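These notes are about the structure you will find just below.
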Protein chains: 2
Amino acid sequence: MILYMKQIDGWITAPQGFVAAGIKAGIKKSGNHDVGIIASTVPAAAGAVFTQNVMASPAVLFSRGVAQKDYARAIVFNAGCANACTGEQGMADARRMAALTEELMDIEKNEVYVCSTGVIGHLLPMDKVEKGIRDAHAALSVSGGEAATLAIQTTDTFVKKSAYEVMLGGKKAIIAGIAKGAGMIHPNMATMFSFITTDAAVQPAFLKRLVKNVADKSFNMVVVDGDTSTNDSMIVLANGLAGNPVIDSEQHPDYAAFYEAFLAVSQDLAKLIARDGEGATKFLTVEITGAVDDGAAKSVAMAIAKSPLVKTAFFGKDPNWGRIVCAAGYSGACFSPDKVSVALNGLLIFKDGMGTAPDAKRLQAVMEEHDITISVDLGAAGGAATVWTSDFSYDYVKINADYHT
Amino acid sequence: MILYMKQIDGWITAPQGFVAAGIKAGIKKSGNHDVGIIASTVPAAAGAVFTQNVMASPAVLFSRGVAQKDYARAIVFNAGCANACTGEQGMADARRMAALTEELMDIEKNEVYVCSTGVIGHLLPMDKVEKGIRDAHAALSVSGGEAATLAIQTTDTFVKKSAYEVMLGGKKAIIAGIAKGAGMIHPNMATMFSFITTDAAVQPAFLKRLVKNVADKSFNMVVVDGDTSTNDSMIVLANGLAGNPVIDSEQHPDYAAFYEAFLAVSQDLAKLIARDGEGATKFLTVEITGAVDDGAAKSVAMAIAKSPLVKTAFFGKDPNWGRIVCAAGYSGACFSPDKVSVALNGLLIFKDGMGTAPDAKRLQAVMEEHDITISVDLGAAGGAATVWTSDFSYDYVKINADYHT
């Protein structure tokens, strides 16, 4: 089956009926954009997944409540202060961000998601936040996508967006997403925001299921440092303005096309997050095959992607398969050492439990590449998994040693 | 009960009947000591624990067999080449190291443990190793403890030893240990060797049980980078020459005294390994109390000790409790955020789920300290655990990016 799907250059306002804004409210010391709103002009089916961290921020606790409802209208957010570990006042502030947005937009209660990112342990400067929300509301427009994207960034070094056009039941629909995140990146959501909008019509309960499924194949397969933050949120709004027949199950004729586009946006964003890993000099794709099952493959991929020894070796341009197979060995997955093979960008460096003698020039050329795929075949069965990560450089240490509270 | 136990300045040859040697055999590029033997003049009860890594080196696979026997006579070892991922030849080489030692010492089969550490994936230069073993055997003496200790080091920056004198049934006994390890350090054995000798008389089966128990409270509570190596080995030899009544159970009158001394040696060595963490500028003790049980406490302690964000924060002298409680939050342990408190060297920085406002001068003074204890009370129940680790510095990255295969 060939599905009509085309990557396009657009922000989260590319799907019909979405507006956005980003404002410089003075929360970030840098003076950059730090408060924003993304809104749908009509109620949108909504789905979301959040951090599993016990210390989840009030914004996450509040938004989990919003996620109980089928429909939502907007996401209000700020960067520069995570509103985490802020007790009762933090929860009141998260509620206030939503209430003010609802009031300005003149919409129902509990239809606005709230997201905060930045330093943990400080109360939000609510005067600045409130003024920011008012200004952002006044600025909402179809051309506000870029400013909104800037307003979710913290240590990000570039904006992260992706959009696809797809045909659903003869109607053209668009799905678009933006993301932030560069450190504290780990499965089950990192300091990671991903906001995805679409004008496709999707049944709310089915959308909620899909979001979890897609997160597991995209954002939950990215590792920068293994730290799962207190604030991670992936939120999807589907307002149905494309006019396609409502997608409500895996059996729906347009399901496959929508799913592929949704997954493509999410995986694009996930890879951009790994690519922007704090201090990264390499983008690493860890591809495991031949595991006893997909779960074992994921364990091996994660062990390799999280290993500081593997990550520093790639920073040092050293094809150190010893550290790669060592990480596989302690992952908890079962396999026979003498059936393992490892390749870097297709060049075999380890086979049947021992190092090969690859052409030194070709190997050096691979290690000079910015994008390297580490392929490990465990030779056991058909389990597979792919994880994206970055290397560990002096700058990772510098960024995180200098980022003072 | 007050037990007579005294720390003494001695090498692994301090207990009666032990000899050792370390030789420069030319395996290390640096030309330093790299082959050695530790031997007991009489058969010694022996216990050991090894890496859980699936890719365990032939030396470990061979030594696991030796560990099946009640008694052993010696440990033969080399540094500079881990003999890991070396297939059939690697196994033949490990066997040869033991056989040659047995031949030279004129002892029974399977009474010699074999340990190798260094780069993964290279065959041992057996001509150098064999000559080294012959020279080491010829040099065995009670004054060879220091040279033997040098011959197990790789990236270590100082020698690691500990020894205690203890009275057992009216007889003076000594327990002494040496260790190596600075990177690839993680529970269930790191690139970590610990060789412990004692002239105490301990029943072999009981000693094997004790070794596991003590490892769980010492070496398995150290983290440098979270990487569990292919070669970790802890080996204990107890030759009984002290003449004390044989300790054979927890009910034995001398059990408590022996156990305390054994644990003290092992914890001393474990802490020295964390203190020598590659590139370390801080020695961190992570002390968890108030968890639902000891297992949950260990999960929280490990999550904090392994977090690159926590480790870089301490390198940057930043009292970033946000990263500490965040790591506790994703550890998988259950607790109420609003009951958590955190102190650094006794100075409270987080209480009841929120940051405190500690005296800035006192806090700065704490962050300047080399040794910092991070105490986290979860306020749930009585579970406790202590883990030792180090910070992450530019030098950690440098050492591991430059250490080429």
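Please specify each residue of the range A:111-127 satisfying the condition of being aliphatic (A, V, I, L, M) and buried (at least 19 other Cβ atoms within 10 Å of the Cβ). Spell out how you get there, then give the answer.
Quick first cut of the range A:111-127, residues aliphatic (A, V, I, L, M) only: A:112, A:114, A:119-120, A:123-124, A:126.
Residues satisfying the conditions are A:V112, A:V114, A:I120, A:L124.
Test of understanding: among B:K306, B:K311, B:K298, which residue is open to solvent by less than 30 Å² (accessible area, probe 1.4 Å) and of a type in the set (D, E, K, R)? Step through it out loud before you land on a result.
Numbers: B:K306 fails: open to solvent by less than 30 Å² (accessible area, probe 1.4 Å); B:K298 fails: open to solvent by less than 30 Å² (accessible area, probe 1.4 Å).
Exactly one residue qualifies, and that residue is B:K311.
Would you be able to say whether some residue in the range A:87-105 is out of contact with any strand residue (DSSP E or B) (no Cβ under 7 Å at 6 or more places or on another chain), in a loop (DSSP other than H, G, I, E, B) and either modelled with pLDDT of 95 or more or within 14 Å of chain B (Cβ to nearest Cβ) (or both)? Even if it seems obvious, please write down each step before you answer.
The first filter runs over the range A:87-105 and keeps only residues out of contact with any strand residue (DSSP E or B) (no Cβ under 7 Å at 6 or more places or on another chain), leaving A:88-93, A:95-96, A:99-100, A:103-104.
The next check asks that each one be in a loop (DSSP other than H, G, I, E, B); those that pass are none.
Within the range A:87-105, none of the residues are out of contact with any strand residue (DSSP E or B) (no Cβ under 7 Å at 6 or more places or on another chain), in a loop (DSSP other than H, G, I, E, B) and either modelled with pLDDT of 95 or more or within 14 Å of chain B (Cβ to nearest Cβ) (or both).
Restricting the search to the range A:62-97, which residues are in contact with a helix residue (DSSP H, G or I) (Cβ under 8 Å, 6 or more places away or on another chain) and of a type in the set (K, R)?
Within the range A:62-97, A:R73, A:R95, A:R96 meet the criteria.
Suppose the filter is more than 27 Å from A:A357 (Cβ to Cβ) and not hydrophobic (A, V, I, L, M, F, W, C); does B:N78 pass it? Show your work before the answer.
Working: more than 27 Å from A:A357 (Cβ to Cβ): no; not hydrophobic (A, V, I, L, M, F, W, C): yes.
When the stated conditions are applied, B:N78 does not pass them.
Looking at the range A:332-342, can you tell me whether even one residue there is within 15 Å of A:T386 (Cβ to Cβ), touching a residue at least 24 places away in the same chain (Cβ under 8 Å) and aromatic (F, W, Y)?
No, the conditions are met nowhere in the range A:332-342.
Are any of the residues in the range A:312-319 closer than 30 Å to B:F392 by Cβ and in contact with a His (Cβ under 6 Å, 6 or more places away or on another chain)? If you could, list the steps in order and put the result at the bottom.
Step one: filter the range A:312-319 for residues closer than 30 Å to B:F392 by Cβ, giving A:312-319.
With in contact with a His (Cβ under 6 Å, 6 or more places away or on another chain) added as a condition, the list becomes A:318.
The answer is yes, given that some residue of the range A:312-319 is closer than 30 Å to B:F392 by Cβ and in contact with a His (Cβ under 6 Å, 6 or more places away or on another chain).
Quick one: B:I349 ticks every box in (1) within 11 Å of chain A (Cβ to nearest Cβ); (2) open to solvent by 10 Å² or more (accessible area, probe 1.4 Å); (3) β-branched (V, I, T); (4) outside any helix (DSSP H, G or I) except a single one, so which number is it?
(2)
Can you go through B:E130, B:E108 and tell me which one is at pLDDT 95 or above and either aromatic (F, W, Y) or surrounded by fewer than 24 Cβ atoms within 10 Å (Cβ to Cβ) (or both)? So that I can check it myself, show each step before the final result.
Working: B:E108 fails: at pLDDT 95 or above.
Exactly one of B:E130, B:E108 is at pLDDT 95 or above and either aromatic (F, W, Y) or surrounded by fewer than 24 Cβ atoms within 10 Å (Cβ to Cβ) (or both), namely B:E130.
Tell me which residues, restricted to the range B:31-63, are assigned to a loop (DSSP other than H, G, I, E, B) and either surrounded by 24 or more Cβ atoms within 10 Å (Cβ to Cβ) or touching a residue at least 24 places away in the same chain (Cβ under 8 Å) (or both).
We begin by selecting, within the range B:31-63, every residue assigned to a loop (DSSP other than H, G, I, E, B); these are B:31-34, B:51-57.
B:N32, B:H33, B:D34, B:T51, B:Q52, B:N53, B:M55, B:A56, B:S57, listed by residue number.
From (1) at pLDDT 95 or above; (2) not in a helix (DSSP H, G or I), pick out the condition that doesn't hold for A:T154.
Checking A:T154 against (1) at pLDDT 95 or above; (2) not in a helix (DSSP H, G or I), the one that fails is (1).
Would you please list the contacts, defined by Cβ atoms under 8 Å and residues six or more apart or on different chains, that run from a residue in the range A:288-308 that is farther than 15 Å from A:G382 by Cα to a residue that is assigned to a helix (DSSP H, G or I) and of a type in the set (S, T, N, Q)?
Every condition considered, the pairs that remain are A:P308/B:N400.
Quickly run through the range B:11-37 and pick out the residues that are hydrophobic (A, V, I, L, M, F, W, C) and touching a His at 6+ places or on another chain (Cβ under 8 Å).
Filtering the range B:11-37 for residues hydrophobic (A, V, I, L, M, F, W, C) gives B:11-12, B:14, B:18-21, B:23, B:25, B:27, B:35, B:37.
Those that are hydrophobic (A, V, I, L, M, F, W, C) and touching a His at 6+ places or on another chain (Cβ under 8 Å): B:A21, B:I23, B:I37.
Take the residues of the range B:82-92 that are open to solvent by less than 10 Å² (accessible area, probe 1.4 Å) and not hydroxyl-bearing (S, T, Y): which is nearest to A:G353 (Cα to Cα)?
Of the range B:82-92, the ones open to solvent by less than 10 Å² (accessible area, probe 1.4 Å) are B:82-84, B:86, B:90.
With not hydroxyl-bearing (S, T, Y) added as a condition, the list becomes B:82-84, B:90.
On the way: B:A82: 15, B:N83: 12, B:A84: 10, B:G90: 11 Å.
My answer is B:A84.
Going by the conditions given, is B:F392 open to solvent by 30 Å² or more (accessible area, probe 1.4 Å), within 11 Å of chain A (Cβ to nearest Cβ), touching a Lys or Arg at 6+ places or on another chain (Cβ under 9 Å) and within 30 Å of B:T155 (Cβ to Cβ)?
On the way: open to solvent by 30 Å² or more (accessible area, probe 1.4 Å): no; within 11 Å of chain A (Cβ to nearest Cβ): yes; touching a Lys or Arg at 6+ places or on another chain (Cβ under 9 Å): yes; within 30 Å of B:T155 (Cβ to Cβ): yes.
Here the answer is no, as B:F392 does not meet what is asked.
Residues being more than 13 Å from A:I304 (Cβ to Cβ) and of a type in the set (S, T, Y): count how many of those fall in the range A:318-360.
Here the count works out to 3.
Out of all the residues in the range B:77-85, is one or more outside any loop (DSSP other than H, G, I, E, B), over 21 Å from B:N32 (Cα atoms), of a type in the set (A, V, I, L, M) and away from every other protein chain (no Cβ under 14 Å)? Spell out the reasoning first.
From the range B:77-85, those outside any loop (DSSP other than H, G, I, E, B) are B:77-81; that's our starting set.
Still in the running and over 21 Å from B:N32 (Cα atoms): none.
Within the range B:77-85, not a single residue is outside any loop (DSSP other than H, G, I, E, B), over 21 Å from B:N32 (Cα atoms), of a type in the set (A, V, I, L, M) and away from every other protein chain (no Cβ under 14 Å).
Of the numbered conditions (1) modelled with pLDDT under 95; (2) closer than 26 Å to A:E146 by Cα; (3) surrounded by fewer than 24 Cβ atoms within 10 Å (Cβ to Cβ); (4) small (G, A, S), A:S218 fails exactly one; give the number of that condition.
Result: A:S218 fails condition (3) only.
For B:E130, which of the numbered conditions (1) free of Cβ contacts under 8 Å to residues at least 40 places away in the same chain; (2) under 20 Å from the mean Cα position of the chain (by Cα) fails to hold?
So the condition that B:E130 fails would be (2).
For the range A:228-346, give me every one of the helices (runs of 4 or more DSSP H) that falls completely inside it and has 1 or more residues that are at the interface with chain B (Cβ under 9 Å from one of its Cβ atoms) and under 27 Å from the mean Cα position of the chain (by Cα).
Working: elements: A:255-275, A:294-306, A:308-315, A:321-329.
Output list reads A:294-306, A:308-315, A:321-329.
Got a number for residues in the range B:262-292 being surrounded by fewer than 24 Cβ atoms within 10 Å (Cβ to Cβ), under 17 Å from B:K180 (Cα atoms) and hydroxyl-bearing (S, T, Y)?
Going through the range B:262-292 one residue at a time, the tally reaches 0.
Give the residues of the range B:64-80 that are within 18 Å of B:A148 (Cβ to Cβ) and open to solvent by 10 Å² or more (accessible area, probe 1.4 Å), sorted by residue number.
B:R73, B:G80
Which condition breaks for B:V19 when tested against (1) crowded, with 18+ Cβ neighbours inside 10 Å; (2) in contact with an Asp or Glu (Cβ under 9 Å, 6 or more places away or on another chain); (3) farther than 30 Å from A:A303 by Cβ?
Result: B:V19 fails condition (2) only.
Within the range A:164-215, take every residue that is part of a loop (DSSP other than H, G, I, E, B), at pLDDT 90 or above and not aliphatic (A, V, I, L, M) and give me the one that is surrounded by the most Cβ atoms within 10 Å (Cβ to Cβ).
Of the residues in the range A:164-215, the ones part of a loop (DSSP other than H, G, I, E, B) are A:169-170, A:181-192, A:199-201, A:203.
Retained after the next criterion (residues that are at pLDDT 90 or above): A:169-170, A:199-201, A:203.
Checking the rest, the ones that are also not aliphatic (A, V, I, L, M) come to A:169-170, A:199, A:203.
Numbers: A:G169: 17, A:G170: 9, A:D199: 27, A:Q203: 18.
Among them, the one singled out is A:D199.
Checking the structure you have, find out if any residue of the range B:373-383 is in contact (Cβ under 8 Å) with a residue 60 or more places away in the chain, closer than 28 Å to A:K311 by Cβ and open to solvent by less than 10 Å² (accessible area, probe 1.4 Å).
Looking through the range B:373-383, at least one residue is in contact (Cβ under 8 Å) with a residue 60 or more places away in the chain, closer than 28 Å to A:K311 by Cβ and open to solvent by less than 10 Å² (accessible area, probe 1.4 Å).
The values are calculated or read from the model by the stated rules, or taken from the named source; none is laboratory data. Everything numeric in this text was worked out from a predicted model, so none of it was measured. We place every Cβ from the backbone using ideal geometry, glycine too, and count neighbours over all the protein chains shown. Accessible surface is based on the protein model in full, side chains and every heavy atom, while ligands, DNA and RNA are left aside. Shrake-Rupley method; radii C 1.70, N 1.55, O 1.52, S 1.80 Å.
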